[in-house]
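Notes follow once the structure below has been shown.
What follows draws every value from the coordinates through simple rules; no lab data is involved. Since we're looking at a predicted model, the values are computed, not measured. As a convention, Cβ positions derive from the backbone with ideal geometry for all residues, glycine included, and neighbour counts pool all protein chains shown.
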Amino acid sequence: MANDVGLDARLKRIEEIVAALDSDTLDLDEALALFEEGVAHLGQAREMLARTELRVEELIGPEGDAVGEMRVGDDEGTGGRDDG
């Protein structure tokens, strides 16, 4: 699978690999190749999640300030905080 594969596709492939490794029908070379593929998918999935987490933090701020400011029904934009 290429590097442009989405997270869902990677997780599905990892599940397929785990099922194949559990099946006891693979020889050692096939099992090792699948294990290597699974490790690569896992690494890419972790990187994708880390990038997503950083992006979310950029959007809302480390303390969630942007989310607090966007609460519905808050006319002053303070997110319900008492700042003064």
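So here's what we get for this one:
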{"quantity": "Inter-label distance for residue 5 and residue 56, nm, one decimal - labels placed 7 Å from Cα along Cα-to-Cβ", "calculated": "2.4"}
{"quantity": "Separation in nanometres of the label points that stand 7 Å from Cα toward Cβ, at residue 36 and residue 65", "calculated": "4.8"}
{"quantity": "Fully extended contour minus Cα-Cα distance, from residue 47 to residue 24, at 0.36 nm per residue", "calculated": "5.2 nm"}
